[in-house]
Amino acid sequence: MGKRPEWLDNAVFYEIYPQSFMDTDGDGIGNINGITEKLPYIKELGCNALWINPCFDSPFGDAGYDVSDYYKVAPRYGTNDDIVKMFEEAHKLGIHVLLDLVPGHTSWDHPWFKESMKAERNEYTDRYIWTDSIWEEPKGYGSLRGISDRDGSCLVNFFSHQPALNYGFYKPERPWQQAMDAEGPMATRKAMMDVIRFWLSKGCDGFRVDMAGSLVKNDEDSKGTIALWQDVRNFLDKEYPNAAFVSEWGEPDKSLQAGFHMDFLLHFGPSHYNDLFRCGKPYFGGEGDASEFVKKYLESYEKSERKGLICIPSGNHDMERLAYYIHDDRLKIAFAFLLSMPGAPYIYYGDEIGMRYIEGLTSKEGGYSRTGARSPMQWDDSVNAGFSSAPANDLYIPIDPDAKRPTVKKQITDDNSLFSEVKKLISVRQSHKALQNLGDIEFISDGANGKPLAYIRSFDGEKILVAINPADNPAEIKTDCNIVEQIYKFGEDPEIKKDSIVLKGKAVVFALI
Ligand code: NOJ
């Protein structure tokens, strides 16, 4: 791996879905100034880094993952000046900011695509992937057909309105499939580097990269995509060594080799992430099994040769909220895990107060079942939970209708709230390097059949035992660790024996050893 920005060593991220965070102009949709206004809240929680979902101009067919102008903040969120001001205010508070880069596709409204649809050859003819006859569809991919004078079908990446940008084929097999180093794919690569350069020069601190693992096509082992990102890494090492990049890839052994500093474990892919939080019997629900997760985690950990950070998010805008499957004290226990693992933690806005996943909502901007995880942040008990002064009918997504919905206002002053527990856990993490992003991990109990999860985190001579029991009943962990001092505890006191620790039901302990 190339250079790693030092600020990542103890970064704890907070993900903001800008539509739903804070609306300061009363139009029912969140905006950049709303984020700026709430930076002190993020600081109070203890997060020192942000990831903001796409906030660029877009027709919003996929909530902004369908960009129509990479260089312009969407007017509904504010202006480029507003975002620069937000970067500055965040930096004053010691908070770094990642934007969301969508390099794989654009909206079909993007001017590049409009040019690319034309029958006459022009600068953008090869910016997207077109077959050379309307009668041929790209095998294995969706396509747009019959919408242009140009004769051909255009490959799409996600929804039908998101044509795939052309980064070439690792193994071209048809005449219209261009090699990665052909002129068209290289021009696309350069165009994306220009976008990156533009925002980094405006003061953003890096990017979360959408679908980072799928840029080059016919690339079974991802060798082409890895090479492409290594090229980007070289440019970043030269021009912006302090910029941080996190990939939506889900295979750390590949993405970290590609030069990303961090990769997410996600609800798709081989990680068994769902076993912990989102399945019929999630481990943190008290009856599940974490052992497949641990096995896969260790495989990635070894294979990635500690080149970068493996990040386990509390959730994100694409999956049900954490509180959908896990409740009450067990939410605190899940956070004890999330905030004691290596890699940078990512907290999805509202998860720190246990916001609910709302079922049955009408899809908004291509959200479909994801819409229920994207409802407005619940700040207080004023109108619209303090999110917006707009009439309730004009809100981007309705507020959680539950009269007992959690709010920041209620939780921030309550020492027993989820917010206070998350804040405490972040502060414990920030006081011990062994618990931070680069500390090593060694498992001593893998959570098989609902048994506890236990691991030793270590860094530079400091060693911390983390033991977590989400089950109802007490459980014993065999270990000869010599406990020097307990630095965090949830639930009843553990029983420390000569060669074991007995954790009570729904209990956690972190101890210096
Ligand atoms: C992953 C993003 O997280 C998701 O929200 C989006 O719909 C797809 N990529 C397509 O860009």
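The values are calculated or read from the model by the stated rules, or taken from the named source; none is laboratory data. If you're wondering where the values come from, they're calculated on a predicted model, not measured in any experiment. Here Cβ is always computed from backbone atoms with ideal geometry, including for glycine, and neighbour counts include all displayed protein chains. Surface accessibility is based on the protein's heavy atoms, side chains included, excluding ligands, DNA and RNA. Shrake-Rupley method; radii C 1.70, N 1.55, O 1.52, S 1.80 Å.
On the given criteria, is G259 within 16 Å of the ligand (Cβ to nearest atom) and within 22 Å of the chain's Cα centre (by Cα)? In short, no. The single condition among (1) open to solvent by 20 Å² or more (accessible area, probe 1.4 Å); (2) part of a strand (DSSP E or B) that I464 does not meet is (1).
Checking each residue in segment 98-152 for being within 16 Å of the ligand (Cβ to nearest atom), over 14 Å from D66 (Cβ atoms), out of contact with any helix residue (DSSP H, G or I) (no Cβ under 8 Å at 6 or more places or on another chain) and outside any loop (DSSP other than H, G, I, E, B) picks out L98, G142. Summed over segment 13-33, residues that are within 21 Å of S314 (Cα to Cα), aliphatic (A, V, I, L, M) and in contact with a Lys or Arg (Cβ under 7 Å, 6 or more places away or on another chain) total 1. Candidates in segment 431-461 are the residues that are basic (K, R) and open to solvent by 10 Å² or more (accessible area, probe 1.4 Å); of these, the one that is nearest to K281 (Cα to Cα) is K451.
Scan segment 153-177 for residues that are more than 16 Å from the ligand (Cβ to nearest atom) and open to solvent by 20 Å² or more (accessible area, probe 1.4 Å) and jot them down. Answer for segment 153-177, where residues must be more than 16 Å from the ligand (Cβ to nearest atom) and open to solvent by 20 Å² or more (accessible area, probe 1.4 Å): Y170, K171, P172, E173, R174, P175, W176, Q177. Scanning segment 348-383 for residues that are of a type in the set (D, E), closer than 14 Å to P398 by Cα and either more than 12 Å from the ligand (Cβ to nearest atom) or without any contact (Cβ under 8 Å) to a residue 24 or more places away in the chain (or both) returns a single hit, E359.
Every residue, every condition in (1) surrounded by fewer than 20 Cβ atoms within 10 Å (Cβ to Cβ); (2) of a type in the set (D, E, K, R); (3) within 16 Å of the ligand (Cβ to nearest atom); (4) not assigned by TED's automatic domain parsing to the domain that holds D132, yes or no:
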| residue | (1), (2), (3), (4) |
| --- | --- |
| M193 | yes, no, no, yes |
| W199 | no, no, no, yes |
| K202 | yes, yes, no, yes |
| A212 | no, no, yes, yes |
| N218 | yes, no, no, yes |
| T225 | no, no, yes, yes |
| D231 | yes, yes, no, yes |
| K254 | no, yes, no, yes |
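Take segment 292-322 and flag every residue that is open to solvent by 50 Å² or more (accessible area, probe 1.4 Å) and within 16 Å of the ligand (Cβ to nearest atom). Correct list: E320 only. Scanning segment 31-77 for residues that are within 16 Å of the ligand (Cβ to nearest atom) and either farther than 18 Å from V102 by Cα or not assigned by TED's automatic domain parsing to the domain that holds G366 (or both) returns no hits.
Working carefully through the options Y124, Y70, find the one that is open to solvent by less than 10 Å² (accessible area, probe 1.4 Å), at pLDDT 95 or above and either in contact with a Leu (Cβ under 9 Å, 6 or more places away or on another chain) or under 26 Å from C154 (Cα atoms) (or both).
Working: Y124 fails: open to solvent by less than 10 Å² (accessible area, probe 1.4 Å).
Just a single option satisfies the conditions, and that option is Y70.
Looking across S107, S148, S143, one residue alone is under 30 Å from I32 (Cα atoms) and small (G, A, S). It is S107.
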